Every structure is written in C-alpha cells, then in structure tokens.
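The values are calculated or read from the model by the stated rules, or taken from the named source; none is laboratory data. None of the values given here were measured: they were computed from a predicted structure. Please note: Cβ atoms are built from the backbone with ideal geometry, for glycine as well, and neighbour counts cover all protein chains shown. Ligands, DNA and RNA are excluded from the accessible area calculation, which covers all protein heavy atoms including side chains. Shrake-Rupley method; radii C 1.70, N 1.55, O 1.52, S 1.80 Å.
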Amino acid sequence: MAFEEKRAWIMVLVTVASYAAYLAVILGRPGGVPLAEAPYVSALLWTVGAAIAASIVLHTTVAALSPEGANTRDQRDREIHRFGEYIGQSFVVIGGVAGLALAMADLDQFWIANAIYLAFVLSSVLGSTAKIVAYRLGFHPW
C-alpha cells in the first residue's frame, strides 16, 4: 500500500471517529433541552483538536514504521492527491454557502456552526475516499 493511501485511510478513520464522538456528546444532552440550545462549542473545539492531534500522531507513527515511502511522491501520487482535494474542496464551498444561507435566514448559531462542521467532515471523508478509490481501482484522469 502506498504511503499516501495510508494517509488517506488515516484521515477517513480519524474524521469519522471524531465526528461520531462529537455527535455522541451533542445528542447525549440532558433531556428537555432543545438541540439548538445544547452547549456545542467546547465539544466541537475538543473533537477538532483531538482529531488534529490523532492525525499527527498516526501520520508520524506510520512514517516511522514504513520510512521507505514517507518522503517519496511520484507523479501518480501528486495527481491522485490533487483529484481528491478537488472533490473534497467542493464540499467546503457547499458548506460555506450553506452557512451563509443559514445566517441570512437568521437561524441560530448552532445550526450555522454545525452545517459548516459537517461540510468540513464531508470534505475530508469524500476527498480521502476518492484518493483511496483511485489507488485501489486505478486513476484515469480525464
């Protein structure tokens, strides 16, 4: 398995685990409290921070365990990386537009923040998944 594919797997797993933890905290709120009034800021910041830290630790560990490919990227790796990033960035734009629309609709900050966070999660998961698929099934730029 190429080192860049390992990085993509790490990103998918860390992103899904951190977002699942965030949802568990937010949805596990005390009964009777409306969802929009749930304290979400600290949970969001902690899960994002933990995801960043976990990603760094896992990337470093994988690089230490397989140093032969850690610093080597060929043309195919660069093209697959660019392809995945393009797919992922489209969801960042969608999240920005959704956040803007929610703000213009004068909705609560909870919904705006969560729409943007979900867009970042989808960006990471779909971009990394596209990279994994490209490595597994072959990459044919058009």
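About the Cα centre, and with charges only on the beta carbon of Lys, Arg (+1) and Asp, Glu (-1), how big is the dipole of the chain? Nearest 20 debye, please. Each step should come with its number before you reach the end.
Numbers: 9 positive and 10 negative charges, 59 e Å.
Value, rounded to 20: 280 debye.
How much accessible area per residue does region 1-130 have, counting only protein heavy atoms and a probe of 1.4 Å, in square angstrom? Don't skip to the answer; put the middle values down first.
On the way: 7700 Å² over 130 residues.
Ligands and nucleic acids excluded, the figure is 59 Å² per residue.
For the pair Arg136 and Ala64, what calculated FRET efficiency results from E = 1/(1 + (r/R0)^6), where r is the Cβ-Cβ distance and R0 = 25 Å, to the nearest 0.05?
Numbers: r = 25 Å, r/R0 = 0.99.
E(calc), rounded to 0.05, equals 0.50.
In whole Å and largest first, what semi-axes does the C-alpha gyration tensor of region 60-112 yield when each eigenvalue is scaled by 5 and square-rooted? Mind dumping the intermediate values first?
Values: eigenvalues 294, 48, 4 Å².
After scaling each eigenvalue by five and taking roots: 38, 15, 5 Å.
For region 65-142, state which GluC sites (Glu not before Pro) are in a DSSP loop and have at most 13 other beta carbons lying within 10 Å of their beta carbon. Don't jump to the answer; show the numbers that get you there.
Details: sites: Glu68, Glu79, Glu85; in loops: Glu68.
Of the GluC sites (Glu not before Pro), the ones in loops of region 65-142 whose Cβ has at most 13 other Cβ atoms within 10 Å are Glu68.
Starting from one equal scatterer on each C-alpha and no solvent at all, send me the Debye-based log10 I(q)/I(0) for region 7-88 at q = 0.18, 0.23, 0.26, 0.27 Å⁻¹, two decimals.
Evaluating at q = 0.18, 0.23, 0.26, 0.27 Å⁻¹ gives log10 I(q)/I(0) of -0.86, -1.10, -1.21, -1.24.
How do His59, His81 stack up against each other in accessible area, from largest to smallest, with a 1.4 angstrom probe?
Details: His59 30, His81 65 Å².
Ranking His59, His81 by accessible area, largest first, yields His81, His59.
Show Leu102, Leu13 ordered by accessible area, largest first, where the area counts protein heavy atoms only and the probe is 1.4 Å. The partial results should precede the final answer.
Working: Leu102 40, Leu13 110 Å².
Heavy-atom accessible area, descending, gives Leu13, Leu102.
Just to verify a number: FRET efficiency for Ala17 and Ala103, C-beta to C-beta distance, R0 = 25 Å, to 0.05?
Working: r = 29 Å, r/R0 = 1.17.
Plugging the Cβ-Cβ distance into 1/(1 + (r/R0)^6) gives 0.30.
Under the √(5λ) rule applied to the eigenvalues of the Cα gyration tensor, what semi-axes describe the equivalent ellipsoid of the chain? Give them in Å, descending. Please list the in-between numbers first.
Details: eigenvalues 215, 73, 20 Å².
In descending order the semi-axes read 33, 19, 10 Å.
Let me cross-check Arg78: its accessible surface, 1.4 Å probe, with only protein heavy atoms counted, in Å² to the nearest 10?
110
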